[in-house]
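See below for the structure under consideration.
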Amino acid sequence: MNYGIRDIIELHVFDEAGKFVSTITTLKKGSISVANRTIRVKDALLNGDMLKFLNKSVTDVSDYDKFFSTTQNYETIVFNRKVVNCKLIAEGFYRKQENQEDVLVQYEIPQCSIVSNYDFNHSTVGNADDFDYVFEIKEYNEEGDLFKLHIEK
């Protein structure tokens with residue numbers, strides 16, 4: 001059976017223990033490279049759940065910090081450059097060559113880490129900024145396996 005890759009992937013992100021974090025459904029571009037062991041995606045929107053997962057949300061604030069919230073109600077997120085381990089399920093569609101039927105594909109990535117963070121580019125002209133995610137795919141067993149590809153029959 002021959003397949004054509006038909007559309008962009010959608011990512012379901014889980015923490016190391018398998019607890020659901022977020023589904024990223026606003027991707028503009030994505031690629032999975034076995035040779036480079038990476039998944040690179042461009043998100044059209046800033047995902048709040050991913051912001052909290054990749055960094056830390058501050059809930060216990062000092063009186064000094066409370067001073068900033070006297071005029072506004074906001075959430076504070078502290079950024080750092082740590083690597084965050086996770087699990088992914090990437091979903092998309094392949095098109096069967098023989099009958100042009102679309103079938104669901106799932107890339108099961110049991111062990112990876114997010115090695116990138118955000119750039120915030122503000123502008124009043126042009127398109128909104130893209131937010132890039134780079135996931136490093138890691139071996140998940142002693143045989144060196146990286147991920148599984150599930151193709152709907």
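The values are calculated or read from the model by the stated rules, or taken from the named source; none is laboratory data. Keep in mind that what you see is a predicted model, and the values were worked out from it rather than measured. Every residue, glycine as well, gets a Cβ built from its backbone with ideal geometry; the counts of neighbours run over all protein chains shown. Protein only, heavy atoms only, side chains kept; ligands, DNA and RNA dropped before computing areas. Shrake-Rupley method; radii C 1.70, N 1.55, O 1.52, S 1.80 Å.
Stokes-Einstein diffusion of the chain at 10 °C, 1.306 mPa s viscosity, Kirkwood radius from Cα pairs, rounded to a whole number: 90 µm²/s. Note on LYS42/GLU142: beta-carbon distance plugged into 1/(1 + (r/R0)^6) with R0 of 41 Å gives a FRET efficiency of 0.75. Of the residues ASP132, ASP63, ASP119, the one that moves most in a GNM of the chain with alpha-carbon contacts below 10 Å is ASP63.
GNM, the chain, Cα, under 10 Å: largest mean-square fluctuation among ASN47, ASN55, ASN80? Looking only at ASN47, ASN55, ASN80, the biggest GNM fluctuation is shown by ASN80. Close amide H partners of LYS56, meaning residues 5 or more places away or on another chain with modelled amide H under 5 Å apart, are VAL78. Per-residue 3J(HN,Hα) values for the range 105-113, derived from phi via the Karplus relation 6.51 cos²θ - 1.76 cosθ + 1.60 with θ = phi - 60°, read 10, 10, 9, 9, 10, x, 8, 7, 9 Hz in sequence order (x marks Gly and Pro). For LYS28, the residues whose modelled amide H falls within less than 5 Å of its own, excluding neighbours fewer than 5 places apart on the same chain, are LYS42, ASP43, ALA44. In this simple spin-label model, placing a label point 7 Å from the Cα along the Cα-to-Cβ direction at both HIS150 and ASN2 gives a separation of 2.8 nm. Placing unit charges on the Cβ atoms only, positive for Lys and Arg and negative for Asp and Glu, gives the chain a dipole magnitude near 200 debye about its Cα centre. Farthest toward the positive end of the dipole of the chain, out of ILE9, SER62, VAL21, is the Cα of ILE9, where the dipole comes from beta carbon charges about the Cα centre. Lysine pairs in the chain whose alpha-carbon atoms fall under 16 angstrom of each other, counting only those eight or more residues apart or on distinct chains, come to 10. With each label modelled as a point 7 angstrom along the Cα→C-beta vector, the THR26-GLN100 pair spans 3.3 nm. Scanning residues 5 or more positions from SER22 or on other chains, those with amide H under 5 Å from its amide H are VAL13, with H placed 1.01 Å from N in the peptide plane. Atom-type composition of the exposed protein surface of the chain places 48 percent of the accessible area on carbon and sulfur (1.4 angstrom probe). If you plug the beta carbon distance of ASP63 and PHE120 into 1/(1 + (r/R0)^6) with R0 = 35 Å, you get a FRET efficiency near 0.80.
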